[in-house]
Amino acid sequence: MKLSVKHTVDRWFNKIAKNPALSVTVSILWLMVVGWVAFGWNLGNIGLIDETEPLFAEASRQMFVTGDWITPFFNGDTRFDKPALIYWCQAIAYHLIGVNEWAVRLPSAIAAFGLVCLAFYTIQWYLGKQDELEQVSRPTRRYLTSFIAAALMALNPETIIWARTGVSDMLLTGCMASALLCFFLGYAGKEGTGDWGLGTGEKFSQSPIPNPQSLFPNKWYLAFYVLIAGAILTKGPVGIVLPGLIVAAFLLYVGKVREVLREMHLLVGTLIILALSVPWYALVIWRNGWNYINSFFGYHNLERFTEVVNGHSAPWYFYFLVVLLGFAPYSVYLPASIIRLKFWQRSHWRSVERFQQFGLFAWFWFASIFAFFSIAVTKLPSYVLPLMPAAAILVALLWSDLFSDTKTRQTIAVSPSPTPPISASLLRISGWVNVVFLSVLATALLNITHILGTDPAISNFHELIEQSGLPVIAGIIWLVSAVLVAGLLLSRRWNYIIGINLIGFVAFVIFVLTPASFFIDRERQLPLRELSAVILEAKQPNEELIMLGFKKPSVVFYSHIHVNYLKFPQEAVEHIKNKAAKGLKPSSVLLLAEQKKFLKMDLQPDDYKNLSTKGAYNLVRVPFKKMKNQKIDIS
């Protein structure tokens, strides 16, 4: 039975490999299915999530409305946290499909999908090149590995979260990771022949050295420079520092620094990067001066690396946990994937063909980002998002050893694989770690209400989670996955294990994460959207809106109204009294407050008019005349 299935799979992939149109069609369909499940499905059907996402969405809306594409603004103040590319992309999406949640998140989803497609292409090319060098045909290995790599890269918690969030992190990852893939394709000497590199008879140049008379680098190096400029325009200096660190470390290790820098036409590339990225920085500095320099380069870059910003500190092992959970459940195979490379054998890696160094390059990519942000003092889970593509490549290459064809057409073994097959004992150990990890994950999810903290926006948070039944469904999914993986280990069907993990994760996304996101949106964000609609309807001309006790930028985005944030009830009372004393018109303010903070204002029923109560929030109108003799309980 097992052999029959294997023969069937091999025959199917051989048929695909012999038909270029079919191979391209199957590849595109696979990428579309993976991309839709991971990035497209229900992308805009959930409201913006406070607090960060609405900051980007509203700043982009301001650009779209005002036509000022240089200085980002939020709520009347400049917003220098991030450069302009993410705002430009969202503003363009607003123009194309309207101001809505789909437009806010579309740039992140497109960046993620584009990266997955390029990685798919790169792995197809790499394995096809290896087959060509060894004069064998292994379509099963080539297709299954690239299919698995695309799925691993798209279907992991870290990528799904940020690809579905309208902030700059996924756009940065898309630019940076795509740039690194383009660098490797340029470095490895890929020359196109009109074929899409899908194992359909492509030809490869034997020398990566470009024409010395050419002024420009090859097309892949050129794309590398353009994407680096995009990364700089997305998040600043880190967009060139990290790729530069990765490429430099890799080239130093393989001993090709001078050779590769010469063929890259580094001076021309630097000019391309500067020409694309510097103009906006020059304009925003010209318009805002030292305010921008101190805020962006000082606070949001230098201080984030050297000091704790906004309380985002964490222990040294923080990113071990982030990678373990953010790349779950496949993260348990990363140690085996790295050991398989034997990266410490420098003489071996310097002796192989350039294209055969792909796994080594992925390791430097992963390790450099992990080390860089582990050194940084400010720590956030999203910082290591750019290493997730490298993690997916490493694990996919590990599984490529198991996707061998039943029958290969081999004439002369010209060159061995750059890495020996993974040992059965190491794979067995990793597999049982996989079983334990899935079991622990299932147990944790079954007891999630005892692990999660409270949410002030949802008073009965734990009870609602239990009533939803989602923890039970999640626990069952991962327990079943653990049992299936254990069964495959006992029967030595190694190559199916990664598929069980992927299927389990897809089931988790469909039956747990998606319903959970709708549940949280309904309980946490919907009240604010409904109150924003009431504000739009009730607000009088020039009437001020005060938000007391919390900051929820989504109200600014959905109401299109400037909000005055006040933290304490005493501040609100004093502020309203001052406005009343000045005799300003209109003679009232709108007050959106958490119920606990609102009660501390000690207002009498006839001191205000209740406009709406949603969830944990009250929206009231406070006439100035009612506040003249008002006192405040500050206990």
message = If I filter the stretch 32-81 down to residues being in a helix (DSSP H, G or I) and of a type in the set (S, T, N, Q), which single residue comes out as surrounded by the fewest Cβ atoms within 10 Å (Cβ to Cβ)?
response = Thr66
request  = Search the stretch 436-449 for residues that are assigned by TED's automatic domain parsing to the domain that holds Gly475 and pair each with any residue that is among the β-branched types (Val, Ile, Thr) when their beta-carbon atoms are under 6 Å apart and the residues are at least 6 apart or on different chains.
outcome  = Phe437/Val332; Thr449/Ile465
note = Taking the stretch 386-418 and the residues there that are at pLDDT 70 or above and either in contact with a strand residue (DSSP E or B) (Cβ under 6 Å, 6 or more places away or on another chain) or not hydrophobic (A, V, I, L, M, F, W, C) (or both), the one that is farthest from Lys129 (Cα to Cα) would be Pro386
task = Confirm whether Tyr496 is in the same structural domain as Phe437 (by TED's automatic domain parsing), of a type in the set (Ser, Thr, Tyr) and in contact with a helix residue (DSSP H, G or I) (Cβ under 8 Å, 6 or more places away or on another chain).
result = yes
ask   = Within the stretch 343-380, how many residues are in contact with a helix residue (DSSP H, G or I) (Cβ under 8 Å, 6 or more places away or on another chain) and either modelled with pLDDT under 90 or not assigned by TED's automatic domain parsing to the domain that holds Leu181 (or both)?
value = 4
query = What tally of residues in the stretch 94-105 results from selecting those that are more than 16 Å from Glu58 (Cβ to Cβ) and crowded, with 23+ Cβ neighbours inside 10 Å?
reply = 0
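Condition check ((1) surrounded by fewer than 16 Cβ atoms within 10 Å (Cβ to Cβ); (2) free of Cβ contacts under 8 Å to residues at least 60 places away in the same chain; (3) over 18 Å from Gly47 (Cα atoms); (4) among the small types (Gly, Ala, Ser)) across all residues:
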position	(1), (2), (3), (4)
Gly487	yes, yes, yes, yes
Ser491	yes, yes, yes, yes
Ile498	no, no, yes, no
Leu502	no, no, yes, no
Arg529	no, no, no, no
Ser532	no, yes, no, yes
Gln540	yes, yes, yes, no
inquiry  = Anything in the stretch 544-553 that is on the phi < 0 side of the Ramachandran plot and surrounded by 17 or more Cβ atoms within 10 Å (Cβ to Cβ)? List them, or say none.
reply    = Glu544, Leu545, Ile546, Met547, Leu548, Phe550, Lys552, Pro553
ask   = Within the set of pairs 6 or more residues apart or between chains, which connect a residue that is in the same structural domain as Gly615 (by TED's automatic domain parsing) and at pLDDT 85 or above inside the stretch 552-576 to a residue that is among the acidic types (Asp, Glu) and not in a strand (DSSP E or B) with Cβ atoms less than 6 Å apart?
value = Lys552/Asp50; Pro553/Glu51; Ser554/Asp50; Val556/Glu58; Phe557/Glu58
message = Between Thr514, Thr454, which is in contact (Cβ under 8 Å) with a residue 24 or more places away in the chain, surrounded by fewer than 18 Cβ atoms within 10 Å (Cβ to Cβ) and out of contact with any Asp or Glu (no Cβ under 8 Å at 6 or more places or on another chain)?
response = Thr514
query = Is the stretch 200-211 home to any residue that is over 17 Å from the mean Cα position of the chain (by Cα) and either assigned to a helix (DSSP H, G or I) or at pLDDT 95 or above (or both)?
reply = no
task = Would you mind stating whether Phe80 is in the same structural domain as Ile293 (by TED's automatic domain parsing) and more than 28 Å from Ser295 (Cα to Cα)?
result = no
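The values are calculated or read from the model by the stated rules, or taken from the named source; none is laboratory data. Quick caveat: nothing in here was measured; it's all calculated off a predicted structure. For neighbour counting, all protein chains shown are included, and Cβ atoms are generated from backbone atoms with ideal geometry for every residue, glycine included.
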